[in-house]
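For reference, the structure discussed in these notes is given below.
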């Protein structure tokens with residue numbers, strides 16, 4: 001019996017073992033090879049880039065008027081409450097004046113000074129109304145000129161919008177100036193009446209009624225019961241609740257970016273629609289405010305004009321403001337979460353062929369949501385979000401949710 005193994009059988013056995021070894025090696029390589037990193041991506045788009053400053057603030061009445069006692073008197077118990085509506089010329093307070101012989105020379109001197117001060121305020125307000133009237137006429141001409149140029153495509157539509165808004169602002173300023181003039185005339189009439197009642201021999205029979213200089217609502221009562229009052233003592237405040245403005249305090253380092261006329265969006269919260277406004281002025285004086293972290297900050301008030309007649313607003317309401325400081329159409333945009341520091345510059349990781357490829361980019365501007373890329377990318381490319389330190393150039397990646 002011959003037990004000799006043929007060369008063919010021997011080679012077949014060795015081939016089988018080689019195949020098994022190769023399969024084991026391949027399985028090991030497959031099991032231990034680096035797996036693609038699961039990532040999230042976003043598309044590079046072209047659109048409008050806006051740079052904005054977001055801060056909170058509060059609303060306040062644009063026009064409020066203080067009703068004060070013109071002389072020594074006894075105030076009758078007020079019948080008005082905070083929030084009550086009043087009309088111009090309506091009685092808002094009733095006084096019982098004291099006898100003239102009870103008024104000393106010093107008080108009479110104060111009343112004379114009040115007459116002079118009220119008269120000077122009235123004349124200054126009248127001059128301001130004339131200036132505002134002239135400014136409105138100029139703004140109206142500019143708006144008409146801008147409308148004609150826009151119809152002939154000589155200026156952009158945004159320039160026409162600015163001219164129209166300037167005319168509207170000038171008209172509102174003139175209306176406010178006229179209301180101030182009416183209040184100044186009321187104040188002068190009351191000061192003269194108080195001085196006349198303080199003269200020796202003047203008749204003091206009857207009650208003295210104080211009237212509202214404007215249409216509005218009672219926004220504050222300084223006294224809510226009968227009491228003796230002195231000359232100049234505040235009694236109540238009346239405001240026009242249909243015309244409010246917003247006061248937004250901004251860091252002094254950022255306020256230089258804000259120009260008068262900049263558009264503003266105000267949010268009251270609670271799902272209420274945003275309110276549009278415009279920056280009226282930036283106050284030239286800063287103040288110190290302690291932040292929630294206990295850090296002292298220098299801040300500046302930015303005053304924002306709102307369209308009149310916006311319902312649901314009140315004095316002292318808190319608002320969140322978004323002040324737009326710059327805008328650019330057709331900008332190349334990527335999410336800010338895609339940016340990675342690269343020395344003094346920036347880079348992003350572009351997804352190509354299942355791999356993350358590093359691309360240096362030139363950054364124009366950025367905000368909390370998106371970045372405006374000047375060079376280095378093209379619209380339609382996909383970039384990795386939140387790449388962190390685990391992503392390397394050329395690394396295999398897989399988009400989350402893809403097979």
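Working only within region 357-371, note down all residues that are closer than 16 Å to residue 385 by Cα and either free of Cβ contacts under 8 Å to residues at least 12 places away in the same chain or over 26 Å from the mean Cα position of the chain (by Cα) (or both).
357, 358, 359, 360, 361
How many residues, within region 238-256, are out of contact with any strand residue (DSSP E or B) (no Cβ under 7 Å at 6 or more places or on another chain) and either surrounded by fewer than 20 Cβ atoms within 10 Å (Cβ to Cβ) or in a strand (DSSP E or B) (or both)?
Result for region 238-256: 3.
Only residues that are in contact with a helix residue (DSSP H, G or I) (Cβ under 8 Å, 6 or more places away or on another chain) and not in a loop (DSSP other than H, G, I, E, B): list them for region 259-285, please.
Once the filter is applied, which keeps residues that are in contact with a helix residue (DSSP H, G or I) (Cβ under 8 Å, 6 or more places away or on another chain) and not in a loop (DSSP other than H, G, I, E, B), region 259-285 yields 278, 280, 282.
Which residues, counting only those in region 18-55, are part of a helix (DSSP H, G or I) and modelled with pLDDT of 80 or more?
Matches in region 18-55: none.
With the requirement that a residue be loosely packed, with under 11 Cβ neighbours inside 10 Å and in a strand (DSSP E or B), what does region 353-403 give you?
375
Between a residue in region 80-98 that is outside the structural domain of residue 187 (by TED's automatic domain parsing) and without any contact (Cβ under 8 Å) to a residue 40 or more places away in the chain and any residue that is assigned to a loop (DSSP other than H, G, I, E, B) and surrounded by fewer than 13 Cβ atoms within 10 Å (Cβ to Cβ), which pairs come within a Cβ distance under 7 Å, given they are 6 or more apart or on different chains?
Listed pairs, sorted by first residue: none to list.
With part of a loop (DSSP other than H, G, I, E, B) and either surrounded by 12 or more Cβ atoms within 10 Å (Cβ to Cβ) or at pLDDT below 80 (or both) as the only criterion, which of 235, 223, 210, 195 stands out? Break it down into steps so the answer makes sense when it comes.
Numbers: 235 fails: part of a loop (DSSP other than H, G, I, E, B); 210 fails: part of a loop (DSSP other than H, G, I, E, B); 195 fails: part of a loop (DSSP other than H, G, I, E, B).
Of the residues listed, the single one that is part of a loop (DSSP other than H, G, I, E, B) and either surrounded by 12 or more Cβ atoms within 10 Å (Cβ to Cβ) or at pLDDT below 80 (or both) is 223.
Out of 345, 261, report the one residue that is over 17 Å from residue 60 (Cα atoms), in contact with a strand residue (DSSP E or B) (Cβ under 9 Å, 6 or more places away or on another chain) and without any contact (Cβ under 8 Å) to a residue 24 or more places away in the chain.
After ruling out the rest, the residue left standing is 345.
In region 372-390, how many are out of contact with any strand residue (DSSP E or B) (no Cβ under 7 Å at 6 or more places or on another chain) and free of Cβ contacts under 8 Å to residues at least 40 places away in the same chain?
2
For residues that are closer than 27 Å to residue 252 by Cα and not in a strand (DSSP E or B), scanning just region 315-343, find the one that is nearest to the chain's Cα centre (by Cα).
Ranking the candidates gives 317 first.
With the condition kept exactly as written, say whether any residue in region 134-157 is in contact (Cβ under 8 Å) with a residue 40 or more places away in the chain and not assigned by TED's automatic domain parsing to the domain that holds residue 69.
Among the residues of region 134-157, not one is in contact (Cβ under 8 Å) with a residue 40 or more places away in the chain and not assigned by TED's automatic domain parsing to the domain that holds residue 69, which makes the answer no.
Look at region 143-161 and say how many of its residues are in a helix (DSSP H, G or I) and surrounded by fewer than 16 Cβ atoms within 10 Å (Cβ to Cβ).
If we filter region 143-161 for residues that are in a helix (DSSP H, G or I), which is where we start, we get 143-151, 157-161.
Cutting the leftovers down to surrounded by fewer than 16 Cβ atoms within 10 Å (Cβ to Cβ) gives us 144-145, 147-149, 151, 157-159, 161.
Matching residues across region 143-161 total 10.
I'm trying to understand the selection: among the residues of region 321-334, which are buried (at least 19 other Cβ atoms within 10 Å of the Cβ) and either under 18 Å from residue 43 (Cβ atoms) or out of contact with any strand residue (DSSP E or B) (no Cβ under 8 Å at 6 or more places or on another chain) (or both)?
331, 332, 333, 334
The values are calculated or read from the model by the stated rules, or taken from the named source; none is laboratory data. If you're wondering where the values come from, they're calculated on a predicted model, not measured in any experiment. Cβ atoms come from the backbone with ideal geometry, glycine included; neighbour counts cover every protein chain shown.
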